[in-house]
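The values are calculated or read from the model by the stated rules, or taken from the named source; none is laboratory data. Quick caveat, the model's predicted, so the values are computed rather than measured. Positions of Cβ are generated from backbone atoms using ideal geometry, with glycine treated the same way; all protein chains shown enter the neighbour counts. To get the accessible areas, we keep the full protein, side chains included, count just its heavy atoms, and leave off ligands, DNA and RNA. Shrake-Rupley method; radii C 1.70, N 1.55, O 1.52, S 1.80 Å.
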Amino acid sequence: MTRFREIYGSKVDKESIFYYLYAVLQSRKYIELYGDNLSKEMPRIPMLDKFPEYVRIGKELAALHIGYEKIVDPVELGLSIQVDKEDYTVEKIRFEKDGKKLLKDTIIFNPYITIRNIPERAYDYVINGKSAIEWIMERYAYTVNQTSGIVDNPNKYGDEKYIFNLLISVINVSIKTQELIDSLPEYKEI
């Protein structure tokens, strides 16, 4: 904290440093410069120009990520939802296909519900090597373990619309995260 106060002033506190770091660690330039090192060593903490802006955006990112399950109106995101039957049961969520090509702007939630107009850049928000949207699609599927016969049925947990609402929320988080990262100040070390 001493180093931060020397550079950014005496009003810097632990909370502002946390949010600053939260934003810096998601900066595309930071990832480009230090991404290879992150798996091998402690993160390098750069001292960047525009500390207050990084703090503000870091705070917004943290609130967005902590509240990732907040229910969002799909229309506000520009999504089109086609519901042929009010059935939110999931077997396997998948992308629409055109021949062998996956159309990622459309998700087939189940045989009765289709989500359209998903922006391509929503898939740029990646967690552990996979877009957050694809992570949800993969994890929330009805599966039976071939060896043990154990059934994993995500439809048994929470209310019947939980998985649908979660998917829409994660699409929102993915879009908003990209917008906030785009709004970060120029990466300029001081």
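Is it the case, given these coordinates, that Arg44 is open to solvent by 60 Å² or more (accessible area, probe 1.4 Å) and under 22 Å from the mean Cα position of the chain (by Cα)?
The answer is no for Arg44.
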Checklist line | Val173 being open to solvent by 50 Å² or more (accessible area, probe 1.4 Å) and not hydroxyl-bearing (Ser, Thr, Tyr) | finding: no
Next item on the list: Give me the pairs, please: first residue somewhere in segment 78-92 and open to solvent by 60 Å² or more (accessible area, probe 1.4 Å), second residue anywhere and modelled with pLDDT under 95 and not in a loop (DSSP other than H, G, I, E, B), beta-carbon distance under 6 Å, and either six or more positions apart or on two chains.
Entry: Thr89/Asn155
Check: Which residues, counting only those in segment 97-135, are farther than 17 Å from Lys176 by Cα and either of a type in the set (Gly, Ala, Ser) or open to solvent by less than 60 Å² (accessible area, probe 1.4 Å) (or both)?
Finding: Gly99, Leu103, Thr106, Ile107, Ile108, Phe109, Asn110, Ile113, Thr114, Ile115, Gly129
Next item on the list: Among residues belonging to segment 144-168 that are in contact with a helix residue (DSSP H, G or I) (Cβ under 9 Å, 6 or more places away or on another chain) and not in a loop (DSSP other than H, G, I, E, B), point out the one that is most open to solvent (accessible area, probe 1.4 Å).
Entry: Tyr162
Item checked: Scan of segment 104-144 for residues that are among the hydrophobic types (A, V, I, L, M, F, W, C) and closer than 19 Å to Val83 by Cα, ordered by number -> Ile107, Ile108, Phe109, Ile113, Ile115, Ile118, Met137
Note to self: Looking only at segment 114-143, count every residue that is over 15 Å from Glu69 (Cβ atoms) and part of a helix (DSSP H, G or I) and tell me the total.
What the structure shows: 8
Next item on the list: Consider only pairs whose beta carbons are under 7 Å apart and that are at least six residues apart or on different chains; among these, list those whose first residue lies in segment 15-38 and is in contact (Cβ under 8 Å) with a residue 12 or more places away in the chain and whose second residue is among the charged types (D, E, K, R).
Entry: Tyr19/Lys59
Next item on the list: May I ask you to list the residues in segment 9-41 that are open to solvent by 50 Å² or more (accessible area, probe 1.4 Å), within 23 Å of Glu179 (Cα to Cα) and not in a helix (DSSP H, G or I)?
Entry: Leu25
Note to self: One residue is enough: does segment 121-133 have a residue meeting the conditions at pLDDT 95 or above, more than 12 Å from the chain's Cα centre (by Cα) and not small (Gly, Ala, Ser)?
What the structure shows: no
